[in-house]
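Enquirer: To start, I am sharing the structure in question, which I have written as structure tokens.
Throughout, read-outs are computed from the coordinates displayed, never taken from laboratory work. These numbers come from a predicted model, not from an experiment. Every residue, glycine among them, receives a Cβ derived from its backbone with ideal geometry; neighbour counts consider all protein chains shown.
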Amino acid sequence: MEIKFYEKVDDELLKFAVIISKTDDKWVFCKHKERDTYEVPGGHREDGESIDVTAERELQEETGAVDYSIEPVCVYSVTGKNRVNESGEEMYGMLYFANITEFENELHSEMEKVCIFEDLPTDWTYPLIQPKLIEEAGLRGYF
């Protein structure tokens with residue numbers, strides 16, 4: 001699995017948005033109903049949707065965020081087969097950082113719950129990808 005970071009790529013290459021999130025200086029992670037691991041909010045870009053709208057939609061759907069700030073960090077790519085990339089070819093996404101100040105009372109998505117951590121969890125859904133995205137955002141000064 002290879003992860004690369006870019007400042008910019010052609011917009012049509014961006015297929016995913018991933019949002020590293022914090023609230024009250026604590027990490028925000030999601031637990032999917034079908035998994036026992038934790039993941040940062042994010043997901044696929046829908047047809048006709050800008051990547052910024054994808055990021056906001058996924059953040060709201062997966063965390064219930066109703067009041068937040070969000071900004072792009074950089075473009076990332078993943079090369080290698082994984083749960084969402086059967087071909088193993090290089091796929092591109094936009095990495096974001098969000099600070100959430102208010103959540104809805106209940107989720108309306110595939111997520112079972114939102115988990116708030118003082119320290120990063122160890123049971124990752126994408127252990128070869130998510131830690132590198134968080135590290136890159138930290139190196140760029142987003143937290």
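Enquirer: Mind ordering 46-58, 87-99, 111-123 by average Cβ neighbours within 10 Å, highest first? Don't skip to the answer; put the middle values down first.
Expert: On the way: 46-58: 15.4, 87-99: 18.8, 111-123: 13.0.
Result, highest mean first: 87-99, 46-58, 111-123.
Enquirer: Compute the long axis of helix 51-63 from its Cα atoms, compare it with the longest principal axis of the Cα atoms of the chain, and write down the angle in degrees, 0 to 90, nearest 10.
Expert: Between helix and principal axis, roughly 40 degrees.
Enquirer: Something else now. Suppose every K and R has +1 on its Cβ and every D and E has -1 on its Cβ; what is the size of the dipole of the stretch 2-139 about the Cα centre, in Debye to the nearest 20?
Expert: It comes to approximately 400 debye.
Enquirer: If a/c stays under 1.5 just call it rounded; otherwise compare a/b with b/c (prolate if a/b is bigger, oblate if not). Do that for the chain, with a ≥ b ≥ c from the square roots of the Cα gyration tensor eigenvalues. Before the final figure, lay out each step's value.
Expert: Numbers: a/c = 1.37, a/b = 1.31, b/c = 1.04.
The shape class here is rounded.
Enquirer: Using the structure shown, list the pairs from K26/K132; K22/K81; K22/K113; K26/K81 with a Cα-Cα distance above 23 Å, or answer none.
Expert: On the way: K26/K132 18 Å; K22/K81 29 Å; K22/K113 15 Å; K26/K81 31 Å.
Beyond 23 Å between Cα atoms: K22/K81; K26/K81.
Enquirer: While we're here: Using only the alpha-carbon atoms, how far is helix 130-139 inclined from the longest principal axis of the chain? Give it as 0 to 90 degrees, nearest 10.
Expert: Long axis of 130-139 versus the principal axis of the chain: about 90 degrees.
Enquirer: Here's a follow-up. Can you give the helix-only mean residue ellipticity at 222 nm for the chain, where every DSSP H stretch with n ≥ 4 adds -39500 (n - 2.57) and the sum goes over all residues, rounded to the nearest 500 deg cm²/dmol?
Expert: Numbers: 2 runs with 23 residues, N = 143.
The helix contribution divided over the chain gives -5000 deg cm²/dmol.
Enquirer: Also, quick follow-up: If you average the sequence gap of Cα pairs under 8 Å that are 6 or more apart and divide by the length of the chain, what percent do you get for the contact order? If you can, show how the numbers build up before the last one.
Expert: On the way: 296 pairs, mean separation 48.5, N = 143.
Relative contact order here is 34 percent.
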